[in-house]
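Below is one structure; the comments refer to it alone.
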Amino acid sequence: MALEDYRGDMEMCCRCSTCKFIPMQKVKGAQYVNVCPSIAKYNFHAYSAGGRLNIAAAMLKDGFKYTDKLLDIVYNCQLCGACGVSCNYAMDMEVLQPISEFRLRCVEDGKTNPALDKVIAGLQKQGTMVPGAKGKRGDWATGLKLKDATKEKVDVLYHVGCLTSYDKNMQKLAKATVKILQKAGVNFGIAGNAETCCGGRAYQMGYKEDFLNQAKKNMDMIKKAGIKTLVTGCADGYQAFKVLYDKYNLKGDLEVLHISEYIDKLIKDGKLKLNKKVNLNVTYHDPCRLGRLGEPWIHWEGKKVPGDRFVFDPPKEYRRGTKGVYEPPRDVLKSIPGVKLTEMTRIKEYAWCCGAGGGVNESNPGFARWTARERIEEAGSTGAEAIVTACPWCEKNFSETIKENGSNLKVYDIVELVEKAI
Amino acid sequence: MALNKEVYKEFEDVVGEENICNDPAIMPAYFSTEFAAVILPGNTAEVQAIVKLCNKHKMQFRPICTGWTGMFPPGIILLDLRRMNRIIEINEKNMYAVVEPYVISSQLQAELMKRGLNFCIKGAGTNCTAMLRGHGHMDQTTSGDDRNHLAIEWITPEGDIVRSGSLGSSDEWFCGDGPGPSLRSILTSAVPPGVTPGVFTKAAVKLYHWSGPSAYPVEGISPHYSLSEIPPNMMARYFSFPSVEKMWQAELKIGESEICFELMGFNISMVAANITTSNEEEEETFNRLNKEVQGPGFFVIVVGDTPADFEYKQRVLEKIVSENDGKSLKAVEDPRIEGILMCQCTRISASIRETFRNGGAFNSIPIMGQRDLTIKWAIGAGKAKEPLIEKGYIVDDGGAFFGWGVEQGHLGKTEIFCKFDPGNPEAKAAVEGWQKEQNRRAFTERYFASTMGPQDEIGPALLNYHLWWQKITEALDPNGVSPSGGSLV
Ligand SMILES: Cc1cc2nc3c(=O)[nH]c(=O)nc-3n(C[C@H](O)[C@H](O)[C@H](O)COP(=O)(O)OP(=O)(O)OC[C@H]3O[C@@H](n4cnc5c(N)ncnc54)[C@H](O)[C@@H]3O)c2cc1C
Ligand code: SF4
Ligand code: SF4
């Protein structure tokens, strides 16, 4: 759907500001009430979801008038979707979709962000979102003797993802995942050098064509190899394969699982035993694209019913963040002996973003770190020694922010703790 | 009026470049108004400096808190008070809280509930400012409107700082009327054209006793929130009555006996909106519940201070309801629905479902005053909605109105609205016509003088208050920097 298709949704915005905050019933005090990093940092209403919708609606009506400020607004948004959850507690209207479409329109019109252009040039050249990546994608697996899923028959393809493959500090996540899957006796493989970027982050940045390119490459490989189940270690990858590929009718019947869901299943099926004690007080950070934005896509086409209500024929079911992946990672953490989980104020569907999404990590690293700082402080307020996440981009942003600002908080991906427990 | 570079620079020097903007890109976000600039002051001193600059350059300005409402002429300076968001003090002993403009009600309420306190929250919702006056669901025990404003820190239209009430003679916020200047009638006026000019930078609001939980046990994932259990000594019910008269008598008796923490005269369409998570579900629920109710009704929340107190209040309620042939709505007796409503109607978090979800717009006629009189008027206003419903211009809510008792029924609020699709010009015109006609009828038939009616007709009937107000604002605002129009709530 194009921006124009969301005109009605945008016009429904009543400017109530609810999209700036966590759902009102969940507000526990004066602190940690904000949910939208963009308005929290930049303060002008234009940076909130409501403001964005009002602006986009006005542009549809009066023509697109690009200014530097407009582009600053457009690109300083993590596309984290928290706004939509809060709005959709009460309202029946799309929020994140038009915001995302507006970004796609900017790119289509050539109004891009130079930092993001660079990243996309890297993607086009090297098939990765890690600019200036050195070596080959599958180097991290050298010596591990893993099955090549493009050649050998496997039950599960482990899609490693760009950051975990190329970033030397993140490769530990791939190795931990391998150990866990081997311990559970899973017949899995990787695509090694044949793996390519899922395209999800390119889509967030607004580059739809590059996303579609990547999606087609991936699905061609997957179909050719006869893969039925794909497990991703990265929340961006999860959302891309599971939700975005489906949105563009590219997913077919591929089963997509996040590693936390898969580990949860292995534990519940008795295939994986966590019996080593890991004495640690932790809190869990829901990655946006595993949590609220990991909710399955709902295919729908319909027309507004003429009359007084904003209703459709056939009725439209909204993705309100209800069906994201919230419990599996928590269940995994709870099954690790010695781990004590204390929740933050902003969790699950109304979790505060780590800051790294929507291209912000690349276009405005200062804003990405500012957003992470807020989360680190919130995590610290629970008394936890460590913040556990389920996405390498979150881990990287948290770790770098801690390095920059100092904090005793440790950062782990969930697979690192599971690895310690087996 | 566009700002020239030099003037812009003067404002920028006050707040810093990141807190002022006149780029056309941001304007559609702000009420689709071409403001001369939007400025984000961070404290009282900055507000004062900006107001002084506005006087120097004869620029009009208007402030907003969260900015849900308000009508603003183009070309003025908009002061978005978003950065002023601190709870300055919660004084448990003297039962007041001092807040800045951008503390939202849910923040203050959450802090208060931990301390066994609560405050009057505007029916609009906890997403709005806690600082401005208003009235809402809990008025039965928390009163409403200007009764809840204590001392206020006010930047006058000329840029002076005035500290009203006890703050005028000490650093205490406990009273709005003294010792110190009492400016209550000017400061908290909400009656057009009586909108208070200038800017409140801090205000003390009155607090009330709360015997409910320190936090509700909310479970589930949005939008399916519910309570894992009904908190002890609490109960929520909806009662319908065979006639308006019986409902009103029950409402009076409940007020007299002071047994309900909340009495909210929801019509059944509002109940349906509150407890459902989509438009389709709401319509189906409304049709179902509408068959079950016997007539108009209200929603109550009972909170006991002790088990004995709770039992006593329940018994009295039962007696009053049965004496007036009231009937409890079965749906609300289901603990899941009871919990949802209890939480939503104290943490005021579903008004948007009642108002905007259907069609994206609603026009309303709200009246504070004597309930029996305003109810009589509202019956007629409800009847007048029927042709609009038949033509499909407005959402079918059975033509209903709603309202509630304030301060255990000493005062009352009655309101009636039409929900419609603002994209349909015929519907919009029909609703505006209805509004005009019902306001006129209220005035000519002597029910009340609507603040939305024409001032030159209403003013003379009310001691020419509008002319007096004009004189006051001229004296306060010699440079004419406060645009007319708008409303404080
Ligand atoms: C759906 C809906 C339901 C509503 N229901 C109710 C209700 O039940 N009861 C009720 O009382 N009201 C109700 N209202 C009106 C409501 O009170 C206001 O919308 C709410 O208080 C606005 O809070 P805000 O933070 O958005 O204020 P704003 O919209 O920011 O301000 C409201 C007005 O006050 C002025 N103002 C703002 N800040 C200051 C300041 N610091 N100093 C001086 N003037 C200032 C503004 O210029 C504006 O005219 C409702 C509104 C809506 C949209
Ligand atoms: S986007 Fe939704 S929550 Fe935000 S202002 Fe608009 S209606 Fe309110
Ligand atoms: S997507 Fe996230 S950052 Fe962007 S407007 Fe919504 S809440 Fe704010």
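Observations on the model:
- Flag if A:Gly380 is surrounded by fewer than 18 Cβ atoms within 10 Å (Cβ to Cβ) and within 30 Å of B:Tyr225 (Cβ to Cβ): yes
- All positions within region A:389-399 that are assigned to a helix (DSSP H, G or I) and surrounded by 24 or more Cβ atoms within 10 Å (Cβ to Cβ): A:Pro392, A:Trp393, A:Cys394, A:Glu395, A:Asn397, A:Phe398
- Per-region count, region B:391-448, residues more than 16 Å from ligand 1 (Cβ to nearest atom), open to solvent by 50 Å² or more (accessible area, probe 1.4 Å) and within 20 Å of the chain's Cα centre (by Cα): 1
- Helices (runs of 4 or more DSSP H) fully within region B:367-456 counting 1 or more residues that are within 14 Å of chain A (Cβ to nearest Cβ) and touching a strand residue (DSSP E or B) at 6+ places or on another chain (Cβ under 9 Å): B:386-390, B:425-444
- Matching option when the condition is closer than 24 Å to A:Asn213 by Cβ, in contact (Cβ under 8 Å) with a residue 40 or more places away in the chain and not in a strand (DSSP E or B), among A:Leu157, A:Leu173, A:Leu116: A:Leu116
- Selected residue (only one of B:Arg353, B:Arg371 is within 16 Å of ligand 2 (Cβ to nearest atom) and surrounded by 23 or more Cβ atoms within 10 Å (Cβ to Cβ)): B:Arg353
- Test: residue in region B:377-384 that is assigned by TED's automatic domain parsing to the domain that holds B:Gly255 and open to solvent by 50 Å² or more (accessible area, probe 1.4 Å): yes
- Options B:Val195, B:Val205: the member that is more than 14 Å from chain A (Cβ to nearest Cβ), closer than 29 Å to B:Arg133 by Cβ and at pLDDT below 95: B:Val195
- Some residue of region B:437-451 being hydroxyl-bearing (Ser, Thr, Tyr), free of Cβ contacts under 8 Å to residues at least 24 places away in the same chain and over 25 Å from B:Thr142 (Cβ atoms): yes
- Selection from region A:203-241 of residues that are assigned to a loop (DSSP other than H, G, I, E, B), of a type in the set (Val, Ile, Thr) and either out of contact with any strand residue (DSSP E or B) (no Cβ under 6 Å at 6 or more places or on another chain) or open to solvent by less than 10 Å² (accessible area, probe 1.4 Å) (or both): none
- Selection over region A:400-415 of residues that are crowded, with 19+ Cβ neighbours inside 10 Å and in a helix (DSSP H, G or I) gives a count of 4.
- For B:Thr374: the one exception among (1) free of Cβ contacts under 8 Å to residues at least 40 places away in the same chain; (2) of a type in the set (Ser, Thr, Tyr); (3) within 16 Å of ligand 1 (Cβ to nearest atom): (1)
- Residue among B:Glu318, B:Glu281, B:Glu311, B:Glu354 that is within 14 Å of chain A (Cβ to nearest Cβ), without any contact (Cβ under 8 Å) to a residue 12 or more places away in the chain and either within 30 Å of B:Glu437 (Cβ to Cβ) or not in a strand (DSSP E or B) (or both): B:Glu281
- Scanning region B:80-120 for residues that are more than 26 Å from B:Gly42 (Cβ to Cβ) and of a type outside the set (Gly, Ala, Ser) turns up B:Glu92, B:Lys93, B:Asn94, B:Met95, B:Met113, B:Lys114, B:Arg115, B:Leu117, B:Asn118, B:Cys120.
- Any chance B:Pro296 is open to solvent by 10 Å² or more (accessible area, probe 1.4 Å), of a type outside the set (A, V, I, L, M, F, W, C) and closer than 24 Å to B:Cys418 by Cα: yes
- Test: B:Arg336 is touching a helix residue (DSSP H, G or I) at 6+ places or on another chain (Cβ under 8 Å) and either more than 14 Å from every other protein chain (Cβ to nearest Cβ) or not acidic (Asp, Glu) (or both): no
- Condition met for B:Asn358 (crowded, with 21+ Cβ neighbours inside 10 Å and farther than 30 Å from B:Ser214 by Cβ): yes
- Checking each residue in region B:8-32 for being open to solvent by less than 30 Å² (accessible area, probe 1.4 Å) and farther than 17 Å from B:Leu81 by Cα picks out B:Ala25, B:Pro28.
Here's the yes/no breakdown for (1) within 30 Å of A:Ala57 (Cβ to Cβ); (2) over 21 Å from the mean Cα position of the chain (by Cα):
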position	(1), (2)
A:Leu104	yes, no
A:Gly110	yes, yes
A:Gly122	no, no
A:Val130	no, no
A:Lys145	no, yes
A:Tyr158	no, no
A:Gly161	no, no
A:Lys172	no, no
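- Selection from region A:30-48 of residues that are away from ligand 3 (no atom under 12 Å from the Cβ) and either open to solvent by 20 Å² or more (accessible area, probe 1.4 Å) or on the phi > 0 side of the Ramachandran plot (or both): A:Ala30, A:Gln31, A:Tyr32, A:Asn43
- Listed conditions (1) outside any helix (DSSP H, G or I); (2) under 15 Å from B:Leu78 (Cβ atoms); (3) away from chain A (no Cβ under 14 Å) are all met by B:Lys58, apart from (2).
- B:Thr277 open to solvent by 20 Å² or more (accessible area, probe 1.4 Å) and modelled with pLDDT of 95 or more: yes
- Exclusive hit being modelled with pLDDT of 95 or more and either in contact with a helix residue (DSSP H, G or I) (Cβ under 8 Å, 6 or more places away or on another chain) or open to solvent by less than 40 Å² (accessible area, probe 1.4 Å) (or both), set A:Gly63, A:Gly51, A:Gly135: A:Gly51
- Residues in region B:1-52 that are more than 19 Å from B:Thr66 (Cβ to Cβ), touching a strand residue (DSSP E or B) at 6+ places or on another chain (Cβ under 6 Å) and within 10 Å of chain A (Cβ to nearest Cβ): 2 in all.
- Condition check for A:Asp62: within 16 Å of ligand 1 (Cβ to nearest atom) and acidic (Asp, Glu): no
- In the set (1) open to solvent by less than 40 Å² (accessible area, probe 1.4 Å); (2) at pLDDT below 90, the condition left unmet by B:Ser226 is number (2).
- Residue tally, condition more than 10 Å from every other protein chain (Cβ to nearest Cβ) and either within 18 Å of B:Arg133 (Cα to Cα) or open to solvent by less than 40 Å² (accessible area, probe 1.4 Å) (or both), over region B:71-82: 7
The values are calculated or read from the model by the stated rules, or taken from the named source; none is laboratory data. The shown structure was predicted, so the numbers you read here are calculated from the model rather than taken from an experiment. Cβ sites come from the backbone with ideal geometry, for glycine too, and all protein chains shown count toward neighbours. To get the accessible areas, we keep the full protein, side chains included, count just its heavy atoms, and leave off ligands, DNA and RNA. Shrake-Rupley method; radii C 1.70, N 1.55, O 1.52, S 1.80 Å.
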